[in-house]
Each structure stands twice: as structure tokens, then as C-alpha cells.
Amino acid sequence: MPDTLENHIKSIQSKLQQLLKKHSFLEKENAKLANENQKFQESNQELNARLALLEQQVSILKTSMGTLANQEKKDFEKIINEYIKTIDKCISVLNK
């Protein structure tokens, strides 16, 4: 009987050691994946900013060539008006 109990304890200890090793490995893997995720999110933000800039450049080029459709003209005028409002706000703050 004591032999069986001792075997069970050794078996439990062995399984516990395996679980601890697996847990340690998974923690390292999780940290690595979290780091990669952060890098991908930063890259995604940079690409989105670049895309917005390129879309603005395309809009400006279309405007300079006079090839904007009606909706594109309205959208462009809206953006320009927002820029003007922002500039006006900045000027008023500077004048205070």
C-alpha cells in the first residue's frame, strides 16, 4: 500500500513538473505574441496614416487637373472648410 501511494505522489510530481514547464513555455510564447501584436498594430497605424496622406494627394491632383466628380468636389470643399476653421481657431488663440 505505501508503495502505491508513493507511486501516485511521484506521478503527481512528474505531471506537476510537466505542467510547470508547459506553463513557462506558454507564458514566454504569450509575451512574444503580445510583442508581435504590438508591432503589427503600430505598423497598421503607420500604414493607415500613409493611406490617408496618399488619398489627400490623389484628391489634390484630381482638383488640379479638374477631374473631380460632384461628390468628390463636395468632399474636397468640406475638407478645405475644416482646415480653414482650424486655422481660424489657431489664429484666434494666438491673438489672445
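Quick look at the numbers
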{"item": "Checklist (1) open to solvent by less than 80 Å² (accessible area, probe 1.4 Å); (2) in a helix (DSSP H, G or I); (3) in contact with a helix residue (DSSP H, G or I) (Cβ under 9 Å, 6 or more places away or on another chain) applied to Ala52, failing item", "result": "(3)"}
{"item": "Odd one out for Leu68 among (1) in contact with a helix residue (DSSP H, G or I) (Cβ under 6 Å, 6 or more places away or on another chain); (2) part of a helix (DSSP H, G or I)", "result": "(2)"}
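The values are calculated or read from the model by the stated rules, or taken from the named source; none is laboratory data. As the structure is a computational prediction, the values presented were derived from the model and not from experiment. Glycine also receives a Cβ, built like all others from the backbone with ideal geometry; neighbour counts cover every protein chain displayed. Just the protein is used for accessible areas: all its heavy atoms, side chains included, with ligands, DNA and RNA removed. Shrake-Rupley method; radii C 1.70, N 1.55, O 1.52, S 1.80 Å.
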